[in-house]
């Protein structure tokens, strides 16, 4: 698994085959650029780690934006409450419209996160990322690319500032994971 | 299905079926209904209904499929067709630099630019159009006063009195000035009961060291109006100057600089039906004449020699470089548009619809509205919080129902700290809003609160 992670998928034979499939399906005639490779990857749905893939597919299954909000709010409720004294600035996500803190910990070589926010939707987004990333190795977490955000189907439900907030949360979590390497 | 499904479906159907149910503010939809019922009941059309056609931008659906209800007018107003046209015609018909050439287009552009200055002067009843300085926005106008008058006349120990409700634009330039000159900033708090500027505290702060009193004419959060006559009287008593941030008053009520008695007011074009990138400073001519230039460049000079320059008289002295010509001309068109309706009429209508908003909103459980009650006089906006729901969450879901509201600190962090809340949501009206907009907002707000109550 981890060996495959280190090799970009599009260099494997299976990946090339998939790429060709997609190319034919979408009748793309232009040469593949790095950007289109990303698109292909999103279309083929190969997202790792598995926990992330399952979060993405569970969100994709919800057709209605209001239901996706509902799902986020439910996820927010699943988070373990964080004690106020742990909410210090080093855990605070910068550039988010609401206040949000993400606190990492390492257990048996795997990274786990806790999060808190004053806004429930933001807390739901943090919970989503925690569900997607918690319990994976620092290597796996740091190799996640943010492309999956587009696959969540949350775009119409999130203002750009919240999407940026989600990106900022992800990059903080990845930096935290890297610090365990 | 869980019990909360009803609220979800209510909100979703609100978003989707808002228009179909005929509850919407879609102008064509309404006209048809009004005509249909005309035989039985004919009520006089409101200003909102009359002017709606001038703002086609309002007739659209948002990404979620809901009819747009624009209630973020305190952040920026929409622009009527004729303002958009004035902007466009400048570029299409007579784009040319002003005050420069002798050719036809240049003189046409210069005429239009200077005519716009006269329109603004008339709009605020200035004694002469030389009292109007075009700036990029109100913030620049305040910075201009701080960097010219402030730098020249203020010394260490001098005092500037502001209030805790100021917009950041009317705090930060004075903080920068205080760092440069050593002058001291003093902040007036609000009255406990009505959250209005505490004039008694202001009176106690004024002394012979006071050189400037500055405040928002109308607050963008509390909606309260400053007691300008008393402020001016207190300032005159010690020879201090008065600057009013009129961004939230100019679009909504008659502003007469001669009767106000302030030394400067600043205005923002885009909040009064004009374009962004243009604002203005009005200053009493005798005061403007004592102010040194701030930014150097073309236009603001009289003669330039290699070792020194002499400067133009106001307002040219303060307008370095090629100005925002199209924007200035379009702001003039906005003044024409507003004047044609009549600022008295706009104010009268907004008092009525603002009271309607306040009353409807205060009936919603768990809502706290900031600022004075309508009986004390307040702008047609409500900044508020719903107990247990973050303002950002609230406005995100209101957006799903097509309601454009602002959430956050509205560039007034000190005020929110003073009120002891992290932020607030704000619904702000303008003359083209109608009661149905308020109704749609209240409906969506109730559904949103119900939606969140599932997760308590």
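Every number in this text was worked out from the coordinates using simple rules, so none of it is lab data. Bear in mind the structure is a predicted one, so any value in this text is a computation, not a measurement. For neighbour counting, all protein chains shown are included, and Cβ atoms are generated from backbone atoms with ideal geometry for every residue, glycine included.
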Return the ratio Rg/(2.2 N^0.38 Å) for the stretch B:307-347, where Rg is computed over Cα atoms only.
-> 1.80
Quick one: what does P(r) look like for the stretch B:120-160 with 5 Å bins over all Cα pairs, in whole %?
-> 6, 19, 19, 20, 18, 11, 5, 2
B:76, B:290, B:135 arranged by Cβ crowding within 10 Å, fewest neighbours leading | B:290, B:76, B:135
For the stretch B:152-211, what is the largest minus smallest coordinate of the Cα atoms on each principal axis, given in angstrom and ordered from greatest to least?
-> 38, 26, 12
Can you give the alpha-carbon Rg of chain B over 2.2 N^0.38 Å, where N counts its residues?
-> 1.04
The computed P(r) of the stretch B:354-456 puts the percent of Cα pairs beyond 19 Å at 40
Square roots of five times the C-alpha gyration tensor eigenvalues of the stretch B:187-325, ordered largest first and given in whole Å, equal 32, 20, 11
Hey, could you pull the Cα Rg and Dmax for the stretch B:243-314, both in Å?
-> 15.3, 48
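Give me the Kirkwood hydrodynamic radius of the stretch B:82-239, using the inverse of the mean 1/r over all pairs of distinct Cα atoms, in Å to one decimal. Before the final figure, lay out the partial values.
Working: mean 1/r = 0.0547 Å⁻¹.
With all distinct Cα pairs of the stretch B:82-239 included, I get 18.3 Å.
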Longest to shortest principal axis, alpha-carbon extents of the stretch B:112-198, angstrom | 45, 36, 21
Long-range alpha-carbon pairs in the stretch B:37-123, meaning those over 14 Å apart, account in percent for 78
Principal axis dimensions, largest first and in whole angstrom, of the stretch B:244-286 by Cα = 29, 20, 12
